[in-house]
Each structure stands twice: as structure tokens, then as C-alpha cells.
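J.: Next up is a structure, given as C-alpha cells.
The values are calculated or read from the model by the stated rules, or taken from the named source; none is laboratory data. None of these values were measured; they are calculated from a predicted model. Cβ placement follows ideal geometry from the backbone for every residue including glycine, while neighbour counts extend to all protein chains displayed.
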Amino acid sequence: MAMYLSLPPNVQRLIDDRLASGQYTSAEEVITAALGALARVEQPDDFELGELDQLLDEGEKSGEPVEAEAVFAELRALSDARRRGKAG
């Protein structure tokens with residue numbers, strides 16, 4: 001089934017730019033790729049219905065929260081110590 005669209009000049013230029021790059025061979029390919037990317041962006045990740053809520057609940061029940069910067073500082077210190085041990 002064919003569909004005919006009127007596109008504003010700026011959208012036409014975007015399509016023309018993609019065609020000129022050689023990555024696509026037709027306007028249809030550009031539109032198909034764009035719609036595929038849009039579908040991926042609009043999907044709520046790869047979580048099943050309710051899975052994200054369950055994971056958040058598990059995280060909240062797993063213990064006291066830890067400040068991210070403290071964790072990063074500890075990881076940096078461990079990494080530095082490991083490098084010093086290998087260098088020595």
C-alpha cells in the first residue's frame with residue numbers, strides 16, 4: 001500500500017542529506033530507519049509490565065542507600081592500590 005506525504009522543506013533536506021551520505025538508497029529506507037529509531041525510543045526499555053516496579057522495590061528493601069560519590073571514591077582507591085601493587 002502506497003502512502004504519499006507532504007513534508008516540510010527541513011525534513012526533505014534531512015532525507016536528502018541521508019541519501020547523499022550513501023548510507024540509504026531511497027527516501028523509503030530513511031523513513032523506515034527513522035520510524036524504527038522512534039519505536040525504540042518510545043518503548044519503555046526492555047522491562048516487562050511491572051518488572052521495573054519490582055526491581056525498584058527490591059532495591060529499596062536491600063539495605064541502606066549508599067552515596068554514589070563514596071562508592072566511586074572507594075573504587076578509585078582500590079584501582080589505585082591495584083595499579084601501585086602491579087607497578088611495584
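J.: Quick one: which residue in A2, A33, A68, A39 is surrounded by 10 or more Cβ atoms within 10 Å (Cβ to Cβ), out of contact with any Leu (no Cβ under 9 Å at 6 or more places or on another chain) and not hydroxyl-bearing (S, T, Y)? Let's see the steps before the verdict.
T.: On the way: A2 fails: surrounded by 10 or more Cβ atoms within 10 Å (Cβ to Cβ); A68 fails: surrounded by 10 or more Cβ atoms within 10 Å (Cβ to Cβ); A39 fails: surrounded by 10 or more Cβ atoms within 10 Å (Cβ to Cβ).
Criteria check complete, one pass: A33.
J.: Ok, one more. Only one of these is part of a loop (DSSP other than H, G, I, E, B), surrounded by fewer than 10 Cβ atoms within 10 Å (Cβ to Cβ) and of a type outside the set (V, I, T): L49, L7. Name it. Before the answer, list the steps.
T.: On the way: L7 fails: surrounded by fewer than 10 Cβ atoms within 10 Å (Cβ to Cβ).
Within the list L49, L7, the selection yields L49.
J.: Are any of the residues in the stretch 62-69 at pLDDT 90 or above and among the β-branched types (V, I, T)?
T.: no
J.: On to the next question. Taking the stated definitions as given, is R84 surrounded by fewer than 10 Cβ atoms within 10 Å (Cβ to Cβ), among the basic types (K, R) and over 20 Å from the mean Cα position of the chain (by Cα)?
T.: Yes: the conditions hold for R84.
J.: Would you point out which residue out of V41, V30 is in contact with a Phe, Trp or Tyr (Cβ under 7 Å, 6 or more places away or on another chain) and assigned to a helix (DSSP H, G or I)?
T.: Working: V41 fails: in contact with a Phe, Trp or Tyr (Cβ under 7 Å, 6 or more places away or on another chain).
Answer to the check: V30.
J.: Restricting the search to the stretch 18-27, which residues are loosely packed, with under 11 Cβ neighbours inside 10 Å, out of contact with any Leu (no Cβ under 8 Å at 6 or more places or on another chain) and either part of a helix (DSSP H, G or I) or of a type in the set (S, T, Y) (or both)?
T.: A20, S21
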